[in-house]
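Here, each number is a calculation from the coordinates, and none is a lab measurement. Please read these numbers as outputs of a predicted model, since none were measured by experiment. Note that we place each Cβ from the backbone using ideal geometry, even for glycine, and neighbour counts take in every protein chain shown.
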Amino acid sequence: MMKRVLLIGIALAFIWTGCIQDEAALIPDQQEAQRLQPKDSVWVVSIRAEKAIPGAAGNEGMTKGLAIGAGDSEENTTVLRSIWKANEPVEVYLDGTHIGTLTATPDAADVHQATLSGTVTTTGITAGTTLTLLTPRQDWDYTGQVGRLLLQDYLNYKGEDNRSIEKKYHYTMAENVLVTAASNGTITTDQASFANQQSIYRLSFRFQHNGAGTPYAINARRIWITAADGGLVQTQALDGSSVTGTIEVLLDYASQNPFFVVLRNNNTTTAEDLRFKVMDNEGITYFGTKNIPAAYKPNGTFVSMKNATLTGRLELAVGNESVTEVL
């Protein structure tokens with residue numbers, strides 16, 4: 001009897017095992033794969049990067065980025081250099097979509113070189129994919145400039161309120177950065193080479209009525225700049241489309257000293273007049289033009305125009321007037 005019960009138990013065990021195997025066979029492999037596939041994947045990224053030094057020259061030296069020559073002042077330097085700063089943010093795009101922000105660690109021996117590290121969140125990235133990298137921020141916008149060049153010039157304004165060129169307007173971009181491997185949550189790429197996306201102008205003005213008489217310095221407070229061809233960029237999209245128009249600069253206070261402005265011009269190949277309208281601290285408005293030769297038009301050029309002479313003047317002084325409030 002016990003032998004019969006044991007045989008029945010063994011048989012039932014084989015039947016139960018077979019049921020389990022049959023049930024497992026009913027679960028499609030594809031459905032299981034979908035269950036395990038995350039909606040988003042977080043990838044660790046480390047990219048070697050350089051800020052390229054183009055061969056273009058400005059009026060007083062070669063164009064670089066945002067470090068002045070050793071021992072120079074902003075007013076007299078003949079060179080600007082594009083360098084990496086510690087923790088500088090780098091925005092990462094895949095097919096035009098923002099997927100993350102990396103931070104820069106400059107090389108101790110050469111601050112033109114850096115390692116960009118951080119994470120991005122995306123799906124479908126594989127070897128052969130290309131990325132676009134942009135500094136210093138996602139919003140590609142040249143409006144709201146205040147004439148400041150370097151971050152240390154503007155220490156009273158922190159974070160996004162700091163409107164120095166170094167902080168907000170010195171855009172550099174690396175396009176078509178090739179992903180060479182993407183596995184185990186890590187992305188490897190070719191080296192990224194960044195190029196300047198605009199030119200930097202150093203400006204100050206003087207007035208000489210109709211080109212006659214002794215010129216005198218203007219205490220500039222507010223400046224409007226337009227290009228004869230209408231191509232000065234106010235805002236830019238990653239795909240190259242842009243909104244163009246007048247670039248306005250509002251200085252913190254009126255001054256005869258040189259100030260700085262960045263200009264991105266859709267015309268980078270032919271000579272063109274820039275038109276200036278300058279209001280001084282008394283509300284008097286001056287105007288004039290300056291021809292920019294073709295050699296100084298490419299993005300990445302440092303152009304120094306100290307004591308540019310304006311020959312027109314509109315005298316409409318700022319005054320006080322009484323205002324009656326009606327309730």
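Things worth noting here:
- Maximal additional length on extending the A294-D239 stretch stands at 17.3 nm, based on 0.36 nm per residue less the C-alpha distance.
- Coupling constants for the stretch 90-105 follow from the phi torsions by the Karplus curve (6.51 cos²θ - 1.76 cosθ + 1.60, θ = phi - 60°), and in residue order they are 10, 7, 10, 10, 10, 6, x, 9, 6, 10, x, 10, 9, 10, 9, 10 Hz; glycine and proline get x.
- The slack in the chain from R222 to K306, taken as 0.36 nm per residue of separation less the alpha-carbon distance, amounts to 28.6 nm.
- Close amide H contacts of N307 (hydrogens built in the peptide plane, cut-off under 5 Å, sequence separation of 5 or more or a different chain): S204, F205.
- In Hz, Karplus ³J(HN,Hα) per residue of the stretch 278-291 (6.51, -1.76, 1.60; θ = phi - 60°; x = Gly, Pro): 10, 9, 8, 5, 9, x, 7, 10, 10, 8, x, 10, 9, 7
- On the basis of the beta-carbon distance and an R0 of 25 Å, E248 and Q152 show a calculated FRET efficiency of 0.55.
- Remark on G69: its backbone amide H falls under 5 Å from those of T78, V79, a criterion applied only to residues 5 or more positions apart or on other chains, H modelled at 1.01 Å from N.
- For D190 and S41, the difference between the fully extended length at 0.36 nm per residue and the C-alpha to C-alpha distance is 51.5 nm.
- Cα gyration tensor shape for the stretch 199-314, rounded if a/c is under 1.5, else prolate or oblate: prolate
- Under 5 Å from the amide H of G283 lie the amide H atoms of V318, each residue being 5 or more positions distant or on a separate chain, with H modelled from the backbone and absent for Pro and chain starts.
- Whole-Hz couplings from phi, Karplus 6.51/-1.76/1.60, listed for the stretch 215-230; x for Gly and Pro: x, 9, 5, 9, 7, 5, 10, 9, 9, 10, 10, 10, 9, 4, 7, x
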